Amino acid sequence: MPSLLAVAAHPDDEALTFGGVLAQHAESGARTAVVTATWAPGTHRAEELADAVGILGAGEPRLLGYADHRVPDSSTGPRLCDVPMDRVVEDIVQHIRSFQPEVVVTHDAYGGLTGHPDHRQAHRAVVLAVTAAGLEHLYPQAGAPWQPAALYTATHPHSAVADLGPLLTRVNKSVLSVPDELVDVAVDVSPWLDTKMAAILAHRSQVERERPLPGILARLPEPERDRIIGTEYFTRLHAKPVPSSAAALTA
């Protein structure tokens, strides 16, 4: 399996959104890592993140340290959505170049099912960073150029939200799914469900609350929960370069 770098907006996103593929890749012996855009080191959410990332076999957390859009005291720094995009892109480029992943995964353009503004901002920054990381004259201070082979964004097809959608609308959350034909890869992560769920439960402060998804999942019967988190869906945005002999654009 290829080396994998996941870039997420908040602590718990890594487990909820890519926990299965992170566990799958780690079990295969592939290098994995997680970059998290918000919450500062030393906060309770950062401590929970360290536990979750350890369970997933992804090493130590890599925190950008910006503040959560809805929790200003999550960092002494600015909120992620208030930071100039160029600064966030450079932060992510530095992690891409230092870790040198073959594959990068992040949120989709909607910002996942609920459309959180931090998720959307992370998506925009990662799309730019994956391209910039391979260009030697962009952010030279961030390390030697490295070009990942592919960028995948985690998403949800319309056909896969029948169980989760009503649970989210019940707590006044959005359900932003995409047409099924926009999904390029559906990964059956059922062999790694125990690991994925353990990582979700490591976010204890979220499990204790009613509205966050970790709390919703923790209270579900196991069969229903497993249906919801047993498949992870992705759209591929960056393909490998076309042969140098190509003479026309192709789809």
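Looking at 26, 58, 52, 46 in this structure, which one is in contact (Cβ under 8 Å) with a residue 60 or more places away in the chain, buried (at least 18 other Cβ atoms within 10 Å of the Cβ) and of a type in the set (A, V, I, L, M)?
Of 26, 58, 52, 46, the one residue that is in contact (Cβ under 8 Å) with a residue 60 or more places away in the chain, buried (at least 18 other Cβ atoms within 10 Å of the Cβ) and of a type in the set (A, V, I, L, M) is 52.
Here is a list of conditions, (1) in a helix (DSSP H, G or I); (2) among the hydrophobic types (A, V, I, L, M, F, W, C); (3) farther than 20 Å from residue 133 by Cβ, and residue 40 meets all of them except one; can you say which number that is?
Among (1) in a helix (DSSP H, G or I); (2) among the hydrophobic types (A, V, I, L, M, F, W, C); (3) farther than 20 Å from residue 133 by Cβ, residue 40 violates only (1).
Kindly check whether there is at least one residue in the range 66-86 that is under 24 Å from residue 21 (Cα atoms), open to solvent by 40 Å² or more (accessible area, probe 1.4 Å) and basic (Lys, Arg).
No, because not a single residue in the range 66-86 is under 24 Å from residue 21 (Cα atoms), open to solvent by 40 Å² or more (accessible area, probe 1.4 Å) and basic (Lys, Arg).
Give the residue that is nearest to residue 181 (Cα to Cα), with candidates limited to residues of the range 119-145 that are open to solvent by 20 Å² or more (accessible area, probe 1.4 Å) and of a type in the set (Val, Ile, Thr).
Top of the filtered list is 127.
Across the range 151-176, which residue is farthest from residue 102 (Cα to Cα) among those that are among the charged types (D, E, K, R) and out of contact with any Asp or Glu (no Cβ under 9 Å at 6 or more places or on another chain)?
170
Check off (1) in a helix (DSSP H, G or I); (2) surrounded by fewer than 18 Cβ atoms within 10 Å (Cβ to Cβ) for residue 16 and give me the number that stays unchecked.
With respect to (1) in a helix (DSSP H, G or I); (2) surrounded by fewer than 18 Cβ atoms within 10 Å (Cβ to Cβ), residue 16 is out only on (2).
So residue 148 ticks every box in (1) in contact with a Gly (Cβ under 9 Å, 6 or more places away or on another chain); (2) without any contact (Cβ under 8 Å) to a residue 60 or more places away in the chain; (3) crowded, with 17+ Cβ neighbours inside 10 Å; (4) within 16 Å of residue 4 (Cα to Cα) but one. Which box is left unticked?
All conditions are met except number (2).
Considering only residues of the range 217-231 that are under 20 Å from residue 22 (Cα atoms) and basic (Lys, Arg), which is surrounded by the fewest Cβ atoms within 10 Å (Cβ to Cβ)?
Ranking the qualifying residues of the range 217-231, first place goes to 227.
Which of the following residues is outside any helix (DSSP H, G or I) and modelled with pLDDT of 95 or more: 126, 88, 93, 104?
Sole residue among the options that is outside any helix (DSSP H, G or I) and modelled with pLDDT of 95 or more: 104.
Being touching a helix residue (DSSP H, G or I) at 6+ places or on another chain (Cβ under 7 Å) and without any contact (Cβ under 8 Å) to a residue 40 or more places away in the chain is the filter here, so list the residues in the range 29-43 that pass it.
Across the range 29-43, the qualifying residues are 32, 34, 36, 39, 40, 43.
Looking at this structure, is residue 165 part of a loop (DSSP other than H, G, I, E, B), closer than 29 Å to residue 228 by Cα and open to solvent by less than 50 Å² (accessible area, probe 1.4 Å)?
No; evaluated as a whole, the condition is false for this residue.
Does the range 136-161 hold any residues that are out of contact with any helix residue (DSSP H, G or I) (no Cβ under 9 Å at 6 or more places or on another chain) and in a loop (DSSP other than H, G, I, E, B), and which are they?
The answer is 136, 137, 149.
So which residues in the range 48-89 are touching a strand residue (DSSP E or B) at 6+ places or on another chain (Cβ under 6 Å) and polar (S, T, N, Q), if there are any at all?
Hits for the range 48-89 are 74, 75.
Conditions first: (1) more than 16 Å from residue 56 (Cβ to Cβ); (2) in contact with a strand residue (DSSP E or B) (Cβ under 8 Å, 6 or more places away or on another chain). Residue 210 passes all but one, so which condition is the exception?
Status for residue 210: all satisfied but (2).
Please pick out the residue among 213, 182 that is open to solvent by 40 Å² or more (accessible area, probe 1.4 Å), within 16 Å of the chain's Cα centre (by Cα) and within 22 Å of residue 109 (Cα to Cα).
None of the other options fit; the residue is 213.
The values are calculated or read from the model by the stated rules, or taken from the named source; none is laboratory data. Predicted model only: the values in this text are computed from it and were never measured. Cβ atoms come from the backbone with ideal geometry, glycine included; neighbour counts cover every protein chain shown. Quick note on the areas: whole protein, heavy atoms, side chains included, nothing else; ligands and nucleic acids left out. Shrake-Rupley method; radii C 1.70, N 1.55, O 1.52, S 1.80 Å.
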